Amino acid sequence: MDIQKIRSQFPILEEKIHGKPLVYFDNGATTQKPLSVINRIENYYTKENANIHRGVHTLSQEATTAYENARNTIQTYIGAQHNHEIIFTKGTTDGINLVANSFGELLKPGDEIIISAMEHHSNIVPWQMLCERKGCKLRIIPMNAKGELELEVFERLLSERTKLVAVTHISNSLGTVNDVEQIIKKSHAVGAKVLIDGAQSIQHIKVDVQALDCDFYVFSGHKLFGPTGIGVLYGKEALLNNMPPYQGGGDMIKEVTLTKTTYNDLPHKFEAGTPNIAGGIGLGTAFEFLNSLNMDDVVAHEQELLNYATQALTKIEGIQFYGEAANKTSVISFLIEGLHPYDVGTLLDKMGIAVRTGHHCTQPVMDQFKIPGTIRASFAIYNTKEEVDIFIKALERIIPILKN
Amino acid sequence: MTIQEKEQEIIDEFAIYDDWMDKYEYIIELGKDLPLIKEQLKTDDRLIKGCQSQVWLNAECENNKMKFTADSDAIITKGIIALLIRVVNDESPADVAKSEFKFISEIGLQEHLSPTRSNGLVSMVKEMKLNALKAAK
């Protein structure tokens, strides 16, 4: 795999920040966009823009075809059985809220929902709100000091009261890859449904929703080289059919009278209002970009970066890593003794290096480690060892300044 | 010196730095001169919680002059607080309340006072002015 050739597809990587070449290590927050995605969106607004699903005119029909083709591309890529199991959302958070509100409507007082101790706030708060609304109980799978879920405890939490298990595929703050196959199997054994938060997954590993047998899978477009404001909720057909609509409005109806409305079929039942058409089409192109990569090569390259960077960082005095799971993706969360992450992040930025500092929207994880936050470097396919070298050199320059 | 004169003095001091790292080394040095808030005053009502760095601020008024002390867990934040306090300390509540701290953008540090930057500094400036307004009454 030719990384330089991949890099050349991402124009932003040529940018300079404070006069220094950009080193972009904040891919966990959002990835950069390849030219194909940028051009696709530009072309849509330049030559194809029209509202979809309703118009008889040419542009509307072409826009509808492009939008629905994007749905098909995504269906094929993630291995869904039907294209109407792909629901377009605003992103991961929106997808989780959809399930919490719609599937959640079917829950009864005393029912239990299980999440884990390493969830992003987006996979905690909607369930807390649901529990408050419906009188359900939230249970938590604990995490060990390495940042791995304690699955023996999980098995003890499962019971016939468990209606839903919502866990992240890959931790955004620690990089841990969870054994979701096991979690899904064990949950199904007690009749519970499973939602997987895939926000950090599809850009790093191959995901097949039918092989996983998950009931819901949610992700955001902007973290996998696509536009912001668009994402996907995958749900099994039978389940989605049984769920009440989430939001009411245009596109989600079959017939409306002033007293009674019948709802549209999947996927439109869950897509009220004019959707993010350009976003959906752009996301389809992002999946075509993923299709152009060999996922085994992606995994190999990112693991090499992870190992290379981890080894180099280990030599820094006073470094402490957070998230040392046996199975992890290219995320390194760390602190350097005596240094505040905010100071480190600010000075790295002055050297052109973008990392994330803070709690990464996982405050419970930070609480467990008794720290306010970490410095997080998260890599994507276009990052290189040379960039890791620049990062390490920058840290070596910064540390004496901050320790002074 | 008036607030304006003190601001100009800081702008002149920073003019010699054209390298970002040198500039930040200087800010970190300035942080060491920050009039520190007494440990026993570091209570929750004096804590300004940023998303990333925390700031404590105490304000007093003696003989119509504002006296601020502060601290932060991040040393760059501390340096910037030192600059802000240097400008307004010993000034009248009325002058502090209308101070706009424009020198911060003149020396290229406006990003630290932008609302998107979660370091507690925006809230701190607001607190300083509120305290001055209270003292002015």
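The values are calculated or read from the model by the stated rules, or taken from the named source; none is laboratory data. Since the model is a prediction, treat every value here as computed from it, not as a measurement. Here Cβ is always computed from backbone atoms with ideal geometry, including for glycine, and neighbour counts include all displayed protein chains.
List the helices (runs of 4 or more DSSP H) inside the range B:68-137, counting only whole elements, that have at least 3 residues being closer than 29 Å to A:GLY338 by Cα and of a type in the set (Val, Ile, Thr).
Working: elements: B:75-88, B:93-97, B:103-106, B:121-136.
Because the criterion is at least 3 residues that are closer than 29 Å to A:GLY338 by Cα and of a type in the set (Val, Ile, Thr), the helices (runs of 4 or more DSSP H) in the range B:68-137 that meet it are B:75-88.
Only one of A:THR30, A:THR58 is touching a helix residue (DSSP H, G or I) at 6+ places or on another chain (Cβ under 8 Å) and more than 20 Å from A:HIS268 (Cα to Cα); which? Spell out the reasoning first.
Numbers: A:THR58 fails: touching a helix residue (DSSP H, G or I) at 6+ places or on another chain (Cβ under 8 Å).
That would be A:THR30, the only listed residue that is touching a helix residue (DSSP H, G or I) at 6+ places or on another chain (Cβ under 8 Å) and more than 20 Å from A:HIS268 (Cα to Cα).
Scoring B:ARG46 on the criteria (1) in contact (Cβ under 8 Å) with a residue 60 or more places away in the chain; (2) away from chain A (no Cβ under 14 Å) leaves a single failure, condition (1).
Of A:ARG156, A:ARG161, which residue is more than 30 Å from A:LEU266 (Cβ to Cβ) and either in contact (Cβ under 8 Å) with a residue 60 or more places away in the chain or of a type outside the set (A, V, I, L, M) (or both)? Spell out how you get there, then give the answer.
On the way: A:ARG161 fails: more than 30 Å from A:LEU266 (Cβ to Cβ).
After applying the criteria, what remains is A:ARG156.
For B:LYS67, are the conditions met, namely being over 28 Å from A:ARG356 (Cα atoms), of a type in the set (D, E, K, R), in contact (Cβ under 8 Å) with a residue 60 or more places away in the chain and more than 10 Å from chain A (Cβ to nearest Cβ)? It is false that B:LYS67 is over 28 Å from A:ARG356 (Cα atoms), of a type in the set (D, E, K, R), in contact (Cβ under 8 Å) with a residue 60 or more places away in the chain and more than 10 Å from chain A (Cβ to nearest Cβ). Return a yes/no flag: does the range B:94-103 have any residue that is without any contact (Cβ under 8 Å) to a residue 24 or more places away in the chain, among the β-branched types (Val, Ile, Thr) and away from every other protein chain (no Cβ under 14 Å). For the range B:94-103, residues without any contact (Cβ under 8 Å) to a residue 24 or more places away in the chain, among the β-branched types (Val, Ile, Thr) and away from every other protein chain (no Cβ under 14 Å): absent.
Across the range A:317-329, what is the number of residues that are over 24 Å from the mean Cα position of the chain (by Cα) and either within 13 Å of chain B (Cβ to nearest Cβ) or acidic (Asp, Glu) (or both)?
1
With A:ILE87, A:ILE96 as the choices, which residue is assigned to a helix (DSSP H, G or I) and either within 19 Å of A:ALA199 (Cα to Cα) or free of Cβ contacts under 8 Å to residues at least 60 places away in the same chain (or both)?
Values: A:ILE87 fails: assigned to a helix (DSSP H, G or I).
Only one candidate passes the filter, namely A:ILE96.
Within the range A:64-87, one or more residues are surrounded by 18 or more Cβ atoms within 10 Å (Cβ to Cβ), small (Gly, Ala, Ser), within 21 Å of A:SER220 (Cβ to Cβ) and touching a strand residue (DSSP E or B) at 6+ places or on another chain (Cβ under 6 Å).
If you go through the range A:275-301 and keep only what is over 19 Å from A:GLU85 (Cα atoms), touching a residue at least 60 places away in the same chain (Cβ under 8 Å), of a type outside the set (A, V, I, L, M, F, W, C) and part of a loop (DSSP other than H, G, I, E, B), you end up with just A:ASN294. For residues in the range A:378-404 being of a type in the set (S, T, N, Q) and either crowded, with 23+ Cβ neighbours inside 10 Å or within 14 Å of chain B (Cβ to nearest Cβ) (or both), which is nearest to the chain's Cα centre (by Cα)? Selected residue: A:SER378. Counting the residues of the range B:109-137 that are modelled with pLDDT under 85 and surrounded by fewer than 15 Cβ atoms within 10 Å (Cβ to Cβ) gives 6. If the condition is being within 14 Å of chain A (Cβ to nearest Cβ) and outside any loop (DSSP other than H, G, I, E, B), then the range B:49-64 contributes B:LYS49, B:GLN54, B:VAL55. Checking each residue in the range A:201-237 for being without any contact (Cβ under 8 Å) to a residue 60 or more places away in the chain and of a type in the set (D, E, K, R) picks out A:ASP213, A:ASP215.
None of A:ILE371, A:ILE332, A:ILE375 is outside any helix (DSSP H, G or I) and away from chain B (no Cβ under 14 Å) except A:ILE332. Of the listed requirements (1) within 14 Å of chain B (Cβ to nearest Cβ); (2) touching a His at 6+ places or on another chain (Cβ under 9 Å), A:HIS340 misses just one: (2).
For the range B:74-82, the criterion of being out of contact with any helix residue (DSSP H, G or I) (no Cβ under 6 Å at 6 or more places or on another chain), of a type in the set (S, T, N, Q), within 14 Å of chain A (Cβ to nearest Cβ) and under 23 Å from B:LYS23 (Cβ atoms) is met by at least one residue.
Taking the range A:350-368 as the range and being more than 9 Å from chain B (Cβ to nearest Cβ), under 25 Å from A:GLU387 (Cβ atoms) and out of contact with any Ser or Thr (no Cβ under 9 Å at 6 or more places or on another chain) as the test, the residues that pass are A:GLY352, A:ILE353, A:ALA354.
Going by what's in this entry, would B:THR69 be described as within 23 Å of A:ILE371 (Cβ to Cβ) and at pLDDT 90 or above? It would help to see each step written out before you state the result.
Values: within 23 Å of A:ILE371 (Cβ to Cβ): no; at pLDDT 90 or above: yes.
So B:THR69 does not fit the description; no.
Please go through the range A:22-52 and give me each residue that is part of a loop (DSSP other than H, G, I, E, B), of a type in the set (Val, Ile, Thr) and within 26 Å of the chain's Cα centre (by Cα), ordered by number. Step through it out loud before you land on a result.
Of all residues in the range A:22-52, those part of a loop (DSSP other than H, G, I, E, B) come to A:22, A:25, A:27-34, A:49-52.
From the residues that got through so far, the ones that are of a type in the set (Val, Ile, Thr) too are A:30-31, A:52.
Selection gives A:THR30, A:THR31.
Pick from the range A:264-310 the residues that are modelled with pLDDT of 95 or more and of a type in the set (Asp, Glu): which of them is nearest to A:ASN39 (Cα to Cα)? It comes out as A:GLU288.
Return the residues of the range B:3-41 that are in a loop (DSSP other than H, G, I, E, B) and surrounded by fewer than 16 Cβ atoms within 10 Å (Cβ to Cβ); say none if nothing qualifies. Walk me through it before giving the result.
Just the residues of the range B:3-41 that are in a loop (DSSP other than H, G, I, E, B), to begin with: B:16-19, B:32-35, B:37-38.
Matches in the range B:3-41: B:ILE16, B:ASP18, B:ASP19, B:LYS32, B:ASP33, B:PRO35, B:LYS38.
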